[in-house]
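The values are calculated or read from the model by the stated rules, or taken from the named source; none is laboratory data. The shown structure was predicted, so the numbers you read here are calculated from the model rather than taken from an experiment. In this analysis, Cβ positions are derived from the backbone assuming ideal geometry, glycine residues included, and neighbour counts consider all displayed protein chains.
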Amino acid sequence: MNQTHAATGSTSHAVTYPRFLWRAIKLSTEGPWFFYAWMTLLTALFLVGVHAWAVQVRDGMAVTNMTDHVSWGLYIANFTFMVGLAAGGVMMVIPAYLYHDDEMHEVVILGELLAIAAIVMCLGFVTVDLGRPDRFWHLIPGLGRFNWPISMLTWDVIVLNGYLLLNLHITGYLLYKRFRGEMPDKKWYLPFVYLSIAWAISIHTVTAFLYCGLGGRPFWNTALLAPRFLASAFVSGPAFIIVAMLVVRRVGGIPIGEAPIRTLTGIMRVTILISLLMVVSEVFTEFYTGGSHIASARYLYFGLHGHNALVPWVWSSVAMMTVAAILLLKPKVYDHKPLLVVACSLAFVGVWIEKGMGLIIPAFVPSTLHEVVEYLPSLSEWKITVGVWALGLMVFTLALRVAIPILTNQESLVLTRGRRA
Amino acid sequence: MLQLPILGQVDRRTALKAAGAMLGAAAFAKAVAPIVEWASQETSADEFLQKHFKQLSGDELAQVIRRLEAETQEEYGAEVTISDVRPQPGVKFGYALNLSICIGCRKCAEACHQENNHDRASGNSYIRVLEMDQGSLDLESGTADYDHPVPQPDKFYMPVQCQQCDRPPCVNVCPVEATWKEDDGLVVVDYNWCIGCRYCEAACPYHARRFNWTKPEVPTAEINPNQGYLSNRIRPQGVVEKCTFCLHRTRAGRLPACLEACPTGARVFGNLLDPNSEISYVLRTKRVFVLKEELGTRPQFFYFFDT
């Protein structure tokens, strides 16, 4: 340990790290009135979800509307979408670190913190989908029996938790260094940043492989699934971050430049068109070929034997994505913030439907024996889903609440000491 | 403007925060109360810590079985015997079904329901009987919820259950090895190891797996007391189950319940490795086919037409 401590003297990490954590806890319980209001709302929604989940564990998953025919529903739909959101943050990391976009570099932590929150939601959605959450330890390598490498679900456990750890390390290290008033040491974070770029691609690829490797589900059994996942992830991720940046700038009074917003808008412009192209390509292949393996697609887009629960959902998604794509084509859409927010929101909800209900449910309708049993989520499922979202938004809000003052030098070891003295 | 002293302000803020935190903690305790209730009634430390079936020693397994028998006594009021019959060397089970004479009466599905201690309310069974249009083997033309006298003149009937695949996708996808293929070809589940993720249900191309959406309810008098650890013992809530060709019977030399219930003799069961068995005779002399052969799952359940 021969570090120079220009600003702080030779304070050891054993002292400053607990102090850093303590300040983080203090910061996350302080704020203006609307911060308390927002956190109270999220806590209330989270508790509604926790209670609904507790009832589900006690009474069984019969409280959901899932059946042996449609055995995955709203939880796995949201899980899939969240993996995309987590991967989407990498669209800030790539310009910031690979192309040395300095203005993006200043706000890149937003994308990394979003990845953390999204992964927390992923883990939440998988947990609430388990019939026996008390046996989660069977999944821990070494303790349980980890069916690696043959089960894609074990790969997903590895890549999702790995991605969480990578982002926790990168953001935690940078914030801690900033807190100590020191320059971060490149060798302690740059390799992890580069690794996280490849890792972001892997989480979504592995999640797609989870589905597309199943021969018994023709709707998923397409090589286009992983690329489609990535394309739509690079729509929903930037869309969320653009809106988040605008909100943070407005309510937090944080100076965020226009350049990152422009860059992300430019990325979305392309990815949303690629995403739509892939949808068209998939739809053409299915319907031009015909035959019984397209029954799921027919169910999704037009209804099957009078069953059409998903038809309004999927066409809303197509309409939202198309309108968003057209709005984003406007050359200076980023100068017109309300329009940009509308485009981002439409794209975000559009992908949520397409990657969620639109992707998971049709694979089960009709069933593998071609029985048509429909599915719409129950009230319990909605409550639990809202609860997991509330948890994720809490994590994201608190992370920003801690990160922003430290990054804008309003919080540091020196100031903390001064205050304590 | 009235200005409160700084100290007073801090105190009020701290007090408010403390009150908020206490309120939150109380609400959280209230919210998770159902889990606490469930954990105290439906699980135990022994069950939580129970090892995977393949890691249990003989003594440990005997202890687990005693515990399960006691629980069945306590919760269902029935005295049952849970056995662990192992595969016999030189045996690989196969099943064949004669579509020419199946009349779609669903007696097999009913026998399965009773033999395997299925939940009564849901009417669960490992067998679904499809009523198919003459002239098509496309499952899309089939329906499982027909409700009229059988057989209908222009239809044929195809019962579908676990195909005990030689390359079972359900086994591959399980993240915790809670399901595996035994030496006699049967695909089984350790109900005390399954985490209930239902990935196997998504992977199975034959709709062979079932999930326990609730705790199964069976009246005491209707409980089949002859139970197997890996087959028909009453399953816990929240785990996946499946057809095991009634291994608690067939490994002891008896026939599956669905076969015994069939009034037309459409079902043929036996040892594929024994050239003199009836199943070997059928495979040798009839033109048999398997469902969804193109998926490469290699089912050990065969169909044939005999007329």
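Checking the conditions here, which among A:V279, A:V270, A:V341 is among the β-branched types (V, I, T), free of Cβ contacts under 8 Å to residues at least 24 places away in the same chain and either part of a helix (DSSP H, G or I) or over 29 Å from A:V247 (Cα atoms) (or both)?
Just a single option satisfies the conditions, and that option is A:V270.
Applying the selection to region A:117-143, what residues are farther than 24 Å from A:R58 by Cβ and part of a loop (DSSP other than H, G, I, E, B)?
A:I140, A:P141, A:G142, A:L143 - these are the residues of region A:117-143 that are farther than 24 Å from A:R58 by Cβ and part of a loop (DSSP other than H, G, I, E, B).
Out of the residues in region A:141-179 that are aromatic (F, W, Y) and crowded, with 20+ Cβ neighbours inside 10 Å, state the one that is nearest to the chain's Cα centre (by Cα).
Among residues in region A:141-179 that are aromatic (F, W, Y) and crowded, with 20+ Cβ neighbours inside 10 Å, the one nearest to the chain's Cα centre (by Cα) is A:Y163.
Please work out which residue is nearest to the other protein chains (Cβ to nearest Cβ), limiting yourself to region B:285-307 and to residues that are under 15 Å from B:Y157 (Cβ atoms) and of a type in the set (F, W, Y).
This residue is B:Y303.
Just give me the residues in region B:217-235 being touching a residue at least 24 places away in the same chain (Cβ under 8 Å) and out of contact with any Asp or Glu (no Cβ under 8 Å at 6 or more places or on another chain), in sequence order.
Let us first name the residues in region B:217-235 that are touching a residue at least 24 places away in the same chain (Cβ under 8 Å), namely B:217-220, B:222-235.
Within region B:217-235, B:P219, B:T220, B:E222, B:I223, B:N226, B:Q227, B:S231, B:R233, B:I234 meet the criteria.
In region B:24-73, which residues are small (G, A, S) and more than 14 Å from chain A (Cβ to nearest Cβ)?
B:S57, B:G58, B:A62, B:A70
When you go through A:Y97, A:Y17 one by one, which is the residue that is of a type in the set (S, T, Y) and in contact with a helix residue (DSSP H, G or I) (Cβ under 6 Å, 6 or more places away or on another chain)?
Checking each option against the conditions leaves just A:Y97.
Would a scan of region B:242-263 turn up a residue that is within 14 Å of chain A (Cβ to nearest Cβ) and surrounded by 20 or more Cβ atoms within 10 Å (Cβ to Cβ)?
yes
A quick yes/no check of all residues on (1) at pLDDT 95 or above; (2) within 14 Å of chain B (Cβ to nearest Cβ); (3) not in a loop (DSSP other than H, G, I, E, B):
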residue: A:I360; (1), (2), (3): yes, yes, yes
residue: A:L369; (1), (2), (3): yes, yes, no
residue: A:L391; (1), (2), (3): yes, yes, yes
residue: A:I406; (1), (2), (3): no, no, yes
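Exactly one of (1) surrounded by 11 or more Cβ atoms within 10 Å (Cβ to Cβ); (2) in a helix (DSSP H, G or I); (3) under 22 Å from the mean Cα position of the chain (by Cα) is unmet by B:A27. Its number?
Answer for B:A27: the failing condition is (3).
Which ranges mark the strands (runs of 3 or more DSSP E) fully within region B:221-307 that have 1 or more residues being among the hydroxyl-bearing types (S, T, Y) and assigned by TED's automatic domain parsing to the domain that holds B:A109?
Fully inside region B:221-307 and qualifying: B:301-304.
It is to be established whether one or more residues within region B:64-81 are in the same structural domain as B:V239 (by TED's automatic domain parsing), touching a strand residue (DSSP E or B) at 6+ places or on another chain (Cβ under 7 Å), in a loop (DSSP other than H, G, I, E, B) and surrounded by 14 or more Cβ atoms within 10 Å (Cβ to Cβ).
For region B:64-81, residues in the same structural domain as B:V239 (by TED's automatic domain parsing), touching a strand residue (DSSP E or B) at 6+ places or on another chain (Cβ under 7 Å), in a loop (DSSP other than H, G, I, E, B) and surrounded by 14 or more Cβ atoms within 10 Å (Cβ to Cβ): present.
Can you tell me which residue is farthest from the other protein chains (Cβ to nearest Cβ) among those in region A:53-82 that are surrounded by fewer than 24 Cβ atoms within 10 Å (Cβ to Cβ), over 20 Å from the mean Cα position of the chain (by Cα) and part of a helix (DSSP H, G or I)?
Step by step, filter region A:53-82, then rank; the result is A:V63.
Which of the numbered conditions does A:F209 fail, given that it passes all the others? Conditions: (1) of a type in the set (A, V, I, L, M, F, W, C); (2) part of a loop (DSSP other than H, G, I, E, B); (3) within 14 Å of chain B (Cβ to nearest Cβ); (4) surrounded by fewer than 20 Cβ atoms within 10 Å (Cβ to Cβ).
The failed condition is (2).
For A:V247, state whether it is more than 15 Å from A:F219 (Cβ to Cβ), out of contact with any helix residue (DSSP H, G or I) (no Cβ under 8 Å at 6 or more places or on another chain), hydrophobic (A, V, I, L, M, F, W, C) and part of a helix (DSSP H, G or I).
Taking the combined requirement at face value, the residue satisfies it.
Among the residues of region A:346-391, count how many are out of contact with any helix residue (DSSP H, G or I) (no Cβ under 7 Å at 6 or more places or on another chain) and not hydrophobic (A, V, I, L, M, F, W, C).
Qualifying residue count for the region: 4.
Tell me which residues, restricted to region B:195-211, are facing chain A (nearest Cβ under 7 Å) and of a type outside the set (K, R).
Going residue by residue through region B:195-211, those that are facing chain A (nearest Cβ under 7 Å) are B:195-199, B:201-207, B:210-211.
Selection gives B:I195, B:G196, B:C197, B:Y199, B:E201, B:A202, B:A203, B:C204, B:P205, B:Y206, B:H207, B:F211.
Tell me, please, whether a residue that is modelled with pLDDT of 95 or more and touching a Lys or Arg at 6+ places or on another chain (Cβ under 6 Å) can be found in region B:146-158.
So far as region B:146-158 goes, no, none of its residues is modelled with pLDDT of 95 or more and touching a Lys or Arg at 6+ places or on another chain (Cβ under 6 Å).
For region B:256-277, enumerate the residues that are in contact with a Ser or Thr (Cβ under 7 Å, 6 or more places away or on another chain) and of a type in the set (S, T, N, Q).
Across region B:256-277, the qualifying residue is only B:N271.
Could you grab me the full set of residues in region A:134-171 that are facing another protein chain (nearest Cβ under 8 Å) and not aliphatic (A, V, I, L, M)?
A:D134, A:R135, A:F136, A:H138, A:G144, A:R145, A:F146, A:N147, A:S151, A:T154
Any chance you could count how many residues in region A:213-267 are surrounded by fewer than 20 Cβ atoms within 10 Å (Cβ to Cβ) and free of Cβ contacts under 8 Å to residues at least 60 places away in the same chain?
Qualifying residue count, region A:213-267: 12.
If I go through region B:82-101 residue by residue, how many of them are closer than 20 Å to B:H207 by Cα and either part of a loop (DSSP other than H, G, I, E, B) or touching a helix residue (DSSP H, G or I) at 6+ places or on another chain (Cβ under 6 Å) (or both)?
3
Do you know which residues across region A:282-306 are small (G, A, S) and either assigned to a helix (DSSP H, G or I) or crowded, with 19+ Cβ neighbours inside 10 Å (or both)?
Hits for region A:282-306 are A:S292, A:A295, A:S296, A:A297.
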